Amino acid sequence: MKFAGRAEWTKLRTDASNTWLTLGVIALTLAVGAAVAMTSRCDATGCGGDPARLSLTGVLVGQVVVAIVAVLMVGNEYSTGMMHTTLTAVPRRLTVLFSKSAVLTAVMLVAGTVSVLGSLLIGGLVQPGRGFTEEHGFSALSLADGATLRAAVGSVLYLVLIGLLSLGIALVVRNSATAIGIVLALLFVFPILAQVVADPDWQRHLQQISPMTAGLAVQTTVNVDDLPIGPWQGLGVLALWAVGAMTAGGWLLRARDA
């Protein structure tokens, strides 16, 4: 297992595109979060904004790059034939699966933590000047606040789970372009359907099973009772999607030839 883990880490870090993509997760998350923080404004008490969630808006964009990194960990090996070499060196295929998952999780924990903490820091510096003040009913962003801490930790876990979901789908389809398309469809089609469907009950159900909508509920720090699903329950829905994808990917990795 240790050998397989080192091998996966070596493959990931020696590919320059992976390094740039991982940095891209951080850069895009921070940039989008900063842009939203600087353009949002609260002019009256109870304006309805959620400072933490606004600061973490960049996660919506960063998750796409996370998905690409995860998919390429598998897709590149199948497209180049390196998967044959990998499975020859490590015949136990579940070991390969666990090693890829562990390395991806470690990298995304670091990238996600930097992105989320940086976004909250920027938001904390910018938002008071945009009207998010105690006079308008908002306290300063701080990890000492339970809801903000939950939003921060949950956002990091969200990015990790998106990576594992994408890795599992890539193992199922074994093609990078197809896997990325499926991941993006899973993330964005449910919210679109929820907007199209007129029935409020069906809208709520679609939001409850949507990996993105349910998962990002963990970022909400105000009016939590109005959510279609609770913050941690929503992240649990995304975790189930990730577990399902990883289970299917692991089973097919064992069942099929490389």
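Per the helix-only calculation at 222 nm, which mean residue ellipticity applies to the chain, given -39500 (n - 2.57) for every DSSP H run of n ≥ 4 and division by its residues, nearest 500 deg cm²/dmol? Please list the in-between numbers first.
On the way: 11 runs with 195 residues, N = 258.
Taken over the chain, the calculation gives -25500 deg cm²/dmol.
Excluding ligands, DNA and RNA, what is the solvent-accessible area per residue of the chain at a probe of 1.4 Å, expressed in Å²? Numbers along the way, then the final one.
Working: 12000 Å² over 258 residues.
It amounts to 46 Å² per residue over the chain.
Only the Cβ atoms of Lys and Arg (+1) and of Asp and Glu (-1) were treated as charged; on that basis the dipole of the chain about its Cα centre amounts to roughly 1160 debye.
Given a 1.4 Å probe and every protein chain left where it sits, what share in percent of the accessible area of the chain is carbon and sulfur? Within the chain, the accessible surface is 67 percent carbon and sulfur.
At a Förster radius of 25 Å, what calculated FRET efficiency corresponds to the Cβ-Cβ distance of HIS136 and HIS205, to the nearest 0.05? Efficiency computed from Cβ-Cβ geometry: 0.15. Among the trypsin sites (Lys or Arg not before Pro) found in the range 1-92, those both in a DSSP coil and sparsely packed, with 16 or fewer other Cβ atoms within 10 Å of their Cβ, are ARG41, ARG92. Quick one: angle between helix 2-14 and the longest Cα principal axis of the chain, in degrees between 0 and 90, rounded to 10, please. Approximately 70 degrees, to the nearest ten. If R0 is taken as 25 Å, the Cβ-Cβ distance between ALA185 and LEU143 corresponds to a FRET efficiency of 0.15. Each label point was placed 7 Å from the Cα along the Cα-to-Cβ direction; for ASP226 and SER79 their separation is 4.4 nm.
Between ARG13 and ALA106, the contour length at 0.36 nm per residue exceeds the Cα-Cα span by 32.2 nm.
The long axis of helix 200-209 is offset from the longest Cα principal axis of the chain by roughly 50 degrees.
The values are calculated or read from the model by the stated rules, or taken from the named source; none is laboratory data. Because the structure is predicted, anything quoted here is derived from the model rather than measured. As a convention, Cβ positions derive from the backbone with ideal geometry for all residues, glycine included, and neighbour counts pool all protein chains shown. With ligands, DNA and RNA removed, areas are computed over all heavy atoms of the protein, side chains included. Shrake-Rupley method; radii C 1.70, N 1.55, O 1.52, S 1.80 Å.
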